[in-house]
Structures are given as structure tokens and as C-alpha cells.
Amino acid sequence: MSNVATISQQTTPQKSPFAVMASRLNIDEQETRSLMTNTLMKAKNNGQVSDGELITFLAIANEYRLNPLTKEIYAFNNRGAIQPIVSIDGWLKIINEHTQFDGMEFSDSLDANGALSAITCRIYRKDRQRPTEVTEYLDECKGTSEPWKKWPARMLRHKATIQAARYAFGLSGIIDEDEAERYRQTTLVSEREVNPAANQSSLKSRVGNSSKAEAQSASLGSQKQSMPSFDQPPPVDQLLKELQVCTTKEDLDQWKAAATQWPEGSAERTSLIQSYKDHCSNLSHAAQNQEQ
């Protein structure tokens with residue numbers, strides 16, 4: 001009779017996202033849950049916060065080791081869904097804590113009158129021979145908010161830094177404060193460009209209990225005025241900006257449908273689909289790290 005040795009394998013209990021955050025912030029887990037819930041409720045104007053929204057917010061905060069108490073990351077109500085926003089302090093923390101970060105530098109470009117026209121950011125990585133270089137132009141980026149009016153050079157430098165970081169380190173699923181403000185101002189325009197069907201859905205909810213004939217008439221009128229022409233695919237730069245805030249399957253499916261309006265085999269479509277794959281991969285990577 002042979003003796004069979006039984007090896008008992010002990011597994012380390014998996015920490016919840018709340019436990020991970022509580023450990024990082026050195027506060028009680030229940031206090032962390034309450035704090036995060038209240039933070040997201042304020043973003044939704046005291047609306048109900050789902051467990052999924054809490055987990056998503058915490059997963060991103062934990063993935064990039066950001067502190068919501070110091071506003072390195074906070075929430076924005078993006079068409080009824082929670083969208084994490086990373087402040088410039090948060091972006092700089094992500095950049096400086098990346099193991100391959102090897103410094104960055106800036107170059108200012110002036111117009112014929114000596115006024116600032118663009119800023120170039122170069123980020124160096126230890127594992128690459130050449131820097132990642134991104135130029136942001138004042139004419140394209142300048143907003144109407146008070147910070148843009150007071151400190152245009154500083155704001156443009158922030159934009160160049162953030163965009164360069166995205167390219168250099170493959171960051172996705174997060175947006176900056178300036179982008180969030182632009183989304184607040186252009187929500188309806190963005191929905192029409194990326195998801196034309198949203199106009200009809202939104203219209204039906206506004207029509208409510210009106211008669212079927214009235215709803216059909218209003219729907220046709222809305223389509224004539226606001227529905228985009230499909231002779232021209234959505235602009236690539238607009239699609240890439242929209243991709244940054246896509247975190248759910250529904251959003252990603254709508255985005256892909258818009259991107260594939262570009263002709264098969266075109267450089268634009270190839271580039272967009274590659275960006276889509278990279279974005280999905282980054283989201284998957286963040287979720288897997290959270291589970292570990």
C-alpha cells in the first residue's frame with residue numbers, strides 16, 4: 001500500500017478594490033466605501049451610484065496609484081455614467097512613477113509676432129532610443145475657461161504633457177480636467193457624431209406621452225436638422241478623443257461602428273482600429289491587475 005502525500009495549497013485571499021484603496025490611504029475599508037460613494041454621488045448630482053461604477057473608479061485609481069483625497073483623481077458625470085478625471089497632479093504622478101520614465105523636455109514655438117503658437121513635449125523612456133514627441137497648438141486647444149484666459153502657456157504645456165504621456169505609456173480610460181469641461185459643453189454634438197441613433201432615443205424620452213404621429217413628426221424634423229451626413233466619416237481626431245472615455249462594452253461598440261464608416265483598407269480606418277485594440281487591451285490589463 002503506497003502512501004500518498006497530500007499537499008494543501010494555501011491561497012492568499014483576494015483583496016477587494018475598497019481594501020486596496022483603504023490600505024493605500026491608511027484608512028478604514030468601510031470609511032473608504034462611504035467616501036467613494038459620496039464622491040461619485042456628488043458627481044451624479046446625488047444620483048444613485050452602482051457597484052459597477054464604484055469598482056470601475058476604484059480600479060483605475062488603484063491601477064495608477066492615484067489618491068482621490070488629494071484630487072489626483074475624481075469623477076465626472078459623462079452622459080449619466082461616471083467618468084474618472086485625472087488632474088494635472090495625477091498625470092505628473094503617473095509619469096514620474098513609471099519605471100521606464102527617463103525625463104521630459106519642452107520646446108515653445110512662436111508666431112511671426114513673437115506670440116506663443118505651440119508647445120512640444122518630448123518624453124524619454126529608458127527602454128527606447130528615441131523620445132516620444134507631441135506638439136499641441138494654441139489655436140486648436142485654447143478654451144474659454146478662466147484658466148485658459150489667465151494662463152494660456154501653462155494650460156497648453158499641460159495639454160502637451162498629457163498627450164505625450166498617452167503616446168509614451170499607452171494610457172487610456174482617463175481624461176484630464178480640460179477635456180471634461182469640453183465634454184460638458186459638447187455632449188450633444190459628440191453624441192450626434194459618434195452615435196446618430198442617440199438623437200432618436202433622446203427625442204423619444206422628451207416626447208414622453210405625446211401621440212405617435214407627433215413623435216414621428218418631431219423625429220423626422222430632428223433627423224433633418226441634426227443627423228450627420230454619412231457621405232463623410234466622423235473626423236479621426238474627434239473619434240480618438242471619444243475613445244479615451246469609452247469604458248463600457250456599449251460605448252466601445254458604438255465607437256467601433258462609427259470608426260468603421262471609414263473605407264476598408266484606408267489609413268484612417270487602420271489607425272483607428274489599432275487604437276481601438278490598444279484601448280481595449282489597456283482596459284483589460286487594468287482589470288486583470290485589479291483582480292490580482
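The values are calculated or read from the model by the stated rules, or taken from the named source; none is laboratory data. From a predicted model like this one, the values you see are computed outputs, not experimental measurements. Neighbour counts are summed over all protein chains in view; Cβ atoms, including those assigned to glycine, are modelled from backbone coordinates with ideal geometry. The protein model used for the area step is the full one, side chains on, heavy atoms only, and it has no ligands, DNA or RNA in it. Shrake-Rupley method; radii C 1.70, N 1.55, O 1.52, S 1.80 Å.
Table for the structure above
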{"quantity": "Filter result (open to solvent by less than 40 Å² (accessible area, probe 1.4 Å) and either in contact with a Leu (Cβ under 8 Å, 6 or more places away or on another chain) or at pLDDT below 70 (or both)) within segment 259-279", "calculated": "Ala259, Ser266, Leu272, Ser275, Tyr276, His279"}
{"quantity": "Selection status of Glu53, surrounded by 18 or more Cβ atoms within 10 Å (Cβ to Cβ), touching an Asp or Glu at 6+ places or on another chain (Cβ under 6 Å) and at pLDDT 75 or above", "calculated": "no"}
{"quantity": "Condition met for Ala5 (at pLDDT 80 or above and open to solvent by 80 Å² or more (accessible area, probe 1.4 Å))", "calculated": "no"}
{"quantity": "Selection from segment 178-210 of residues that are part of a loop (DSSP other than H, G, I, E, B), closer than 18 Å to Leu252 by Cα and either at pLDDT 65 or above or under 16 Å from the mean Cα position of the chain (by Cα) (or both)", "calculated": "none"}
{"quantity": "Subset of segment 234-255 [part of a helix (DSSP H, G or I), of a type in the set (A, V, I, L, M, F, W, C) and crowded, with 18+ Cβ neighbours inside 10 Å]", "calculated": "Leu239, Leu243, Trp255"}
{"quantity": "Pairs with Cβ under 9 Å, 6+ apart, first in segment 138-162 and under 19 Å from Val86 (Cα atoms) and touching a residue at least 40 places away in the same chain (Cβ under 8 Å), second open to solvent by 40 Å² or more (accessible area, probe 1.4 Å) and part of a loop (DSSP other than H, G, I, E, B)", "calculated": "Leu156/Lys142"}
{"quantity": "Answer from Ile95, Ile27, Ile88 - the residue that is in contact with a Phe, Trp or Tyr (Cβ under 8 Å, 6 or more places away or on another chain) and of a type outside the set (Ser, Thr, Tyr)", "calculated": "Ile95"}
{"quantity": "Residue satisfying all of: in segment 123-177; within 24 Å of Tyr276 (Cα to Cα) and part of a strand (DSSP E or B); farthest from the chain's Cα centre (by Cα) among these", "calculated": "Arg125"}
{"quantity": "Selection count, segment 96-141, where residues are surrounded by fewer than 10 Cβ atoms within 10 Å (Cβ to Cβ) and among the β-branched types (Val, Ile, Thr)", "calculated": "1"}
{"quantity": "Residues within segment 148-159 that are open to solvent by 50 Å² or more (accessible area, probe 1.4 Å) and over 15 Å from Thr120 (Cα atoms), tallied", "calculated": "3"}
{"quantity": "Selected residue (only one of Thr56, Thr120 is closer than 19 Å to Leu171 by Cα and either in contact (Cβ under 8 Å) with a residue 60 or more places away in the chain or in a helix (DSSP H, G or I) (or both))", "calculated": "Thr56"}
{"quantity": "Scope segment 76-94; condition buried (at least 19 other Cβ atoms within 10 Å of the Cβ), hydrophobic (A, V, I, L, M, F, W, C) and closer than 20 Å to Asn282 by Cα; matching residues", "calculated": "Ile82, Ile85, Val86, Trp91, Ile94"}
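Yes/no per residue for (1) at pLDDT 95 or above; (2) in contact with a Pro (Cβ under 9 Å, 6 or more places away or on another chain); (3) under 16 Å from Leu156 (Cα atoms):
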| position | (1), (2), (3) |
| --- | --- |
| Tyr74 | no, yes, no |
| Asp108 | yes, no, yes |
| Ser117 | yes, no, yes |
| Arg122 | yes, yes, yes |
